[in-house]
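Undergrad: Questions regarding the structure given below will be posed in turn.
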Amino acid sequence: MCANYYTGISITLMVRTPLTPLERERGRFLGALLRQARGERSMAEVAAGAGISAETLRKIETGRAPTPAFFTIAALAATLGLTLGEIAERCAAVTAPEPGEGVAEEAA
């Protein structure tokens, strides 16, 4: 006799592929762009306005979260008075860095 021990629970793993140098560079540029747009406002004020934590905003601004969720960027854009089109246009101009280089284009 063979017993059936199937519980009906399946476990799946999602493996995130490593980011390309271009994706990381765009993330750093996006962070610098948002930091510049924040101006003198505090990180806590902008984060609260966007409905995210100050820690999340800090990670985005420093490039440690280079691919934030669309709705996070949309909320930050609205809070900072930017359009998604402006952000997309400026980030699209970023090119991959040469090995050993930092941000390829300034957020100015």
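Undergrad: Kindly put Leu84, Leu13 in sequence by how many other C-beta atoms sit within 10 Å of each C-beta, fewest to most.
TA: The fewest-first ordering by Cβ neighbours comes to Leu13, Leu84.
Undergrad: Testing the spin-label approximation: label points 7 Å from Cα along Cα→Cβ at Ala69 and Thr20. State their distance in nm.
TA: 2.5 nm
Undergrad: Between Thr83 and Ser42, 0.36 nm times their residue separation minus their Cα-Cα distance comes to what?
TA: Additional length available on full extension: 12.7 nm.
Undergrad: Between Glu98 and Tyr5, take the C-beta separation as r, use R0 = 35 Å, and let me know the FRET efficiency to the nearest 0.05.
TA: Working: r = 56 Å, r/R0 = 1.59.
Using R0 = 35 Å, I get an efficiency of 0.05.
Undergrad: Across bins of 5 angstrom width beginning at 0, how are the C-alpha pair distances of the chain distributed, in whole percent?
TA: For the chain, the binned pair fractions read 2, 11, 20, 20, 14, 9, 6, 4, 3, 3, 3, 2, 2, 1, 0 percent.
Undergrad: Relative contact order, percent, of the chain when contacts are C-alpha pairs under 8 Å separated by at least 6 residues?
TA: It comes to 37 percent, rounded to a whole number.
No lab work stands behind these numbers, since they all come straight from the coordinates. These numbers come from a predicted model, not from an experiment. A quick note on method: Cβ atoms are made from the backbone with ideal geometry, for glycine too, and the neighbour counts reach across all protein chains shown.
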